[in-house]
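**Q** Okay, handing you the structure first.
The values are calculated or read from the model by the stated rules, or taken from the named source; none is laboratory data. Owing to the predicted nature of the structure, the values given are computational and were not obtained by experimental measurement. FYI the Cβ positions are ideal-geometry reconstructions off the backbone, even for glycines, and counts take in every protein chain you see.
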Amino acid sequence: MAVIAEPVTKPVSRLHFMLDRREVLENILIAPAIIYVLLLVGLPLLLAMYYSVSAYTIYNPTWQFVGLANFTQIIDNPNFLQTLGNTFIFTFGSQLLGLVLGKFGAFLLLRPFPGRKIVRALIILPFAVPVALATIAWQWMFDSLYSVINWTLIAASIVTREDAPNWLGNPYLAMLCVIIINAWRFFPFAIVIFLAGITAIPQDIIDAATVDGAGFWRRNYQIILPMILPIVAIGLIFGIVFTFTDLSIVFLLTMGGPVGATSVLGFAGFQTGIVSGDVSHGAAISLFMLPVLLVVVIITLRFIRRREI
Amino acid sequence: MPRAFSRSLREVAFFFGITFFVILAAFPFYWMVITAFKPNSDLYDVTNVPFWFNEPPTLEHLTYLFKETLFARWLLNSLMIGVCVTMITLVTAVPAGYSLARMTSRKGEALGIAIFLTYLVPPTLLFLPLSRIIAELGLQNSMWSLVLVYPTFTIPFCSWLLMGFFKALPPEIEEAAIVDGCSLFGAFIKMAIPLSLPAILTVVIFTFTLTLQEFVYALTFVSSSSQKPVTLGVSTDLIRGDVFFWGEIMAGALIAAVPVAVAYNLFLDRFISGITGGAIK
């Protein structure tokens, strides 16, 4: 009996043997995730790079290589330079505003007080709710005729109905609105990140600094801030990446208008590549995000390394 | 006396600050609620005070939303997409996170960082080539394209989250199971997975909310109304011509937003500890 059974059990035991080798099992377990990501992130990334140096459009899907012609055409377009500038203003404006609000909010929420849990739940709302839906709510609040903000300003006699601001119709105000919505979306995230960092600092370090005579500002900026810097950096990286490449707020709120005043890279790439079907130019526009992303990635890696040491 | 005065001044400033933040964060949602239940005659009258109901609240926007629009269909689409993406994500990210956590070599660390970085590759860089790939697969204009594409960001995100959780799980538990005759793979299935069920639940919730929050891919790949997920449907399809139906739009946004907001609040702490991936030790 045992002799007959032997050839049957052998492959099974070999499989078991394979699965029982730690490094083999580890590779097998991680393989599906890696393959999925390689196929649907890695491959498209390479494709995007190739599209940007080709003459590919939806109507004429050719792989013909045209060198850097797409890029020179894009840079020669003054609208594109405005878009690039807008993207930087949008990103840094909203991140700065978000960070300031976040730091201030975390400072307030650090102290226990009755109802803190409810307050935290309410403050987290902007980050939790889908950005598209929140943007629509803001659009209604910035409505040219029924704006609740204008109603309040008029009721407080700050402006009259005749010269009430047309939030989304004025180029500068429209940019301000887009920045405010994005900062509004990210500041709860910043608060949470700051809180997580600050509460992780051992109390004895702060006590020791206090005993050594460090005042409020010194404790804040020379002890707490350097200690929470790695975690804040990770939060900021998320914020910068998702803001710099964002499309939804601009798409829903202003459609890049008025006259391109709020057009950002993601939006321009969408308009050219998807709406107009000019894939190669769209890809080239989107690729302008890459240098910024690379810088961000390098900084991230340095922070992760530093954490390890 | 001046000390007591300055202290109470501080208290006032503190609660003033808290009130400011609460209003800033929550007002748009209050505005959603108010708009969703106001009759049109109240809504579009600039002489009314907009902050509360000048006429009795109405359910007409809600009934219109469910009877005259595809809103129910969009909810169903979103549910379907969420369930499928969650399953794909669990099947791939749970083993991947475990593997990353248990890899002791430099390779494991490098792979972990690489996976984290793919999460940072933005949709606006990938949507053009992906739209071509989806067209090649014949999935354009179908919600199944989203089922295919959403795991590209949920898998990295959840692998990274789960890696952190599995790292906190002492390997001695699995070693004990192996000593008792369990295989290495069996130890993962029978010990590590049941012990990390809370983490897996977190991943399920976050995969679901991530799919609900996504907008760019949905906008790019799906244009026929009946295939849209709820976020896209509410924000792009309830506008006819240039006319906005604010009551209906806000009611739809409210219904789609409430579950996500509740889930986020319940799981926020886990989310943060996952996202920072042990940046604090």
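**Q** B:Ala36 versus (1) touching a Gly at 6+ places or on another chain (Cβ under 8 Å); (2) without any contact (Cβ under 8 Å) to a residue 60 or more places away in the chain: which is the lone unmet condition?
**A** (2)
**Q** Follow-up question, since we're still on this one. Among the residues of segment A:97-120, which ones are small (Gly, Ala, Ser) and surrounded by fewer than 20 Cβ atoms within 10 Å (Cβ to Cβ)?
**A** Of everything in segment A:97-120, just one residue is small (Gly, Ala, Ser) and surrounded by fewer than 20 Cβ atoms within 10 Å (Cβ to Cβ), namely A:Gly115.
**Q** Sticking with this one: Of all residues being more than 7 Å from every other protein chain (Cβ to nearest Cβ) and among the aromatic types (Phe, Trp, Tyr) in segment A:124-150, which is surrounded by the most Cβ atoms within 10 Å (Cβ to Cβ)? Just the residue, please.
**A** A:Phe142
**Q** Residue under question is B:Thr118, and the condition is that it be facing another protein chain (nearest Cβ under 7 Å), touching a helix residue (DSSP H, G or I) at 6+ places or on another chain (Cβ under 6 Å), in a helix (DSSP H, G or I) and in contact (Cβ under 8 Å) with a residue 24 or more places away in the chain; does it hold?
**A** Values: facing another protein chain (nearest Cβ under 7 Å): yes; touching a helix residue (DSSP H, G or I) at 6+ places or on another chain (Cβ under 6 Å): yes; in a helix (DSSP H, G or I): yes; in contact (Cβ under 8 Å) with a residue 24 or more places away in the chain: yes.
So B:Thr118 passes the test.
**Q** For segment A:244-257, what are the residues that are modelled with pLDDT of 85 or more and more than 10 Å from chain B (Cβ to nearest Cβ)?
**A** Passing the criteria: A:Val250, A:Leu253, A:Thr254, A:Met255.
**Q** Out of A:Pro230, A:Pro188, I need the residue that is modelled with pLDDT under 80, at the interface with another protein chain (Cβ under 7 Å from one of its Cβ atoms) and either within 19 Å of the chain's Cα centre (by Cα) or buried (at least 20 other Cβ atoms within 10 Å of the Cβ) (or both). Which one?
**A** Criteria check complete, one pass: A:Pro230.
**Q** Next question, about the same structure. Is it the case that some residue within segment B:260-274 is surrounded by 16 or more Cβ atoms within 10 Å (Cβ to Cβ), modelled with pLDDT of 80 or more and outside any helix (DSSP H, G or I)?
**A** no
**Q** Further question on the same structure: If you go through segment A:92-106 one residue at a time, do you hit one that is more than 30 Å from A:Leu265 (Cα to Cα) and without any contact (Cβ under 8 Å) to a residue 60 or more places away in the chain?
**A** Looking for residues that are more than 30 Å from A:Leu265 (Cα to Cα) and without any contact (Cβ under 8 Å) to a residue 60 or more places away in the chain, one finds at least one in segment A:92-106, hence yes.
**Q** Where in segment B:1-72 are the helices (runs of 4 or more DSSP H), entirely inside, with at least 2 residues that are over 22 Å from A:Leu145 (Cβ atoms)?
**A** Fully inside segment B:1-72 and qualifying: B:2-37, B:60-68.
**Q** Quick test of your reading of the structure: A:Phe303 fulfils all but one of (1) under 17 Å from the mean Cα position of the chain (by Cα); (2) within 9 Å of another protein chain (Cβ to nearest Cβ); (3) over 24 Å from A:Ala132 (Cα atoms). Name the failing condition by number.
**A** A:Phe303 satisfies all of (1) under 17 Å from the mean Cα position of the chain (by Cα); (2) within 9 Å of another protein chain (Cβ to nearest Cβ); (3) over 24 Å from A:Ala132 (Cα atoms) except (1).
**Q** Which pairs turn up if I take residues in segment A:222-242 that are under 17 Å from A:Asp212 (Cβ atoms) and look for partners that are at pLDDT 80 or above and outside any helix (DSSP H, G or I) with beta carbon separation below 7 Å, at least 6 apart in sequence or on another chain?
**A** A:Ile223/A:Ala214; A:Ile224/A:Ile201; A:Met227/A:Ile201
**Q** Here's something else I'd like to know. Which of the following residues is within 13 Å of chain B (Cβ to nearest Cβ), in contact with a helix residue (DSSP H, G or I) (Cβ under 8 Å, 6 or more places away or on another chain) and not in a helix (DSSP H, G or I): A:Leu195, A:Leu168?
**A** Residue meeting the stated conditions: A:Leu168.
**Q** Return yes when A:Ala268 is assigned to a loop (DSSP other than H, G, I, E, B), more than 13 Å from the chain's Cα centre (by Cα) and aliphatic (A, V, I, L, M) and no when it is not.
**A** no
**Q** Could you check, for segment B:163-177, whether at least one of its residues is in a helix (DSSP H, G or I) and at the interface with chain A (Cβ under 10 Å from one of its Cβ atoms)?
**A** Checked against the condition, which is being in a helix (DSSP H, G or I) and at the interface with chain A (Cβ under 10 Å from one of its Cβ atoms), segment B:163-177 yields no hits at all.
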